[in-house]
């Protein structure tokens, strides 16, 4: 029986304030870019023709209204977005370095995304999706952590594939040990893992990707596809007994890397929805990574994430020309 949604994601929806030049007085100008990893993923999935929905919470304020408008424009079902009357929408201020890397300062003590509780979950919708995606920003505090775990459990029991991206942001955790504990929970529940190189080292102590991936796959045999993103170097996919590496697209023009990992993640999820997880071969995994790397590169040539996602045709053109 067909499911109502291809992907439901739960987590943070926030405003990324990114630098955009200087004023006449020499002060930095900040652009209010809609963001938050889960909705970044969904925005790209919409571009790839998937039916998506978001579960989360914003403040009943101007930024919450902006986020609802932009995500609905992107085609994401926002029927399950809650609004908090007392706590404001979470804000992130992004410092961008010359190479495109970023440093985050969060205004989230508290932020509305932390206020989601289990009673606000759309349980029927969670049972009606092919895939459920989450990260750890919705696991930093007890109530939203319980809601996240319940959502994962409900979706998994209804037969959904589970996708997890640790998306480690150290400033948001009381301790790194607490962060490690919550990442461990996510690793133990997911079928599809997208993990960045620094997160792999954090969880395994290994700088060598092959050794780090082997450690995780032995500890968590539930992980069917394990993808490691290595920024400007490229990406790796570990599946079955195989391992595939595809270099990144280095064509210049990178402005900032916000949303690149989320775009990569979305392309992988779209591939899995189209092809399943059974008997994938090296050629298919290479095709998956090439498309995901190309889409991620295109996002780095624009500011922000949700409004910067490329069309499928743009990715195909890039692949055809390079």
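Overview of results
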read-out: Paired Rg and Dmax values of the stretch 236-311, which use every Cα atom, in angstrom; value: 13.0, 38
read-out: Backbone N within the stretch 232-259 under 15 Å of label point (7 Å from residue 207 Cα along the Cβ vector); value: none
read-out: Where Rh is the Kirkwood radius over Cα pairs, Rg/Rh for the stretch 30-183; value: 0.94
read-out: Calculated Rg and Dmax of the stretch 88-161 using C-alpha coordinates, Å; value: 15.4, 46
read-out: Where a label projected 7 Å from the Cα of residue 277 along Cα→Cβ would reach, residues of the stretch 174-202 with amide N under 15 Å; value: 186-195
read-out: For the stretch 186-267: Kirkwood Rh in Å [reciprocal of mean 1/r, alpha carbons]; value: 13.3 Å
read-out: Size of the chain as Cα extents on the principal axes (Å, biggest first); value: 53, 46, 39
read-out: Residue of 187, 226, 280 that the Gaussian network model of the chain assigns the largest fluctuation, springs spanning Cα pairs under 10 Å; value: 280
read-out: Ascending count of other beta-carbon atoms within 10 Å, so fewest first, for 190, 39; value: 190, 39
read-out: For the stretch 233-257 versus the stretch 124-195, the gap between their alpha-carbon centres in whole angstrom; value: 24 Å
read-out: Mean shadow area of the stretch 1-57 over all directions, Cα convex hull, nm²; value: 5.1 nm²
read-out: Average projected area [Cα convex hull, the stretch 59-101], square nanometres; value: 4.2 nm²
read-out: Cα-Cα P(r), the stretch 172-322, percent of pairs per 5 Å interval; value: 2, 9, 19, 21, 20, 15, 10, 4, 1, 0
read-out: The chain: relative contact order in percent, alpha carbon pairs under 8 Å with at least 6 residues between; value: 17 percent
read-out: DSSP bridge orientation in the chain - percent antiparallel, rounded to nearest 5; value: 45 percent
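Computed from the coordinates by the stated procedures, all read-outs in this text should not be read as laboratory data. Bear in mind the structure is a predicted one, so any value in this text is a computation, not a measurement. Backbone-built Cβ (ideal geometry, glycine too); neighbour counts: all protein chains shown.
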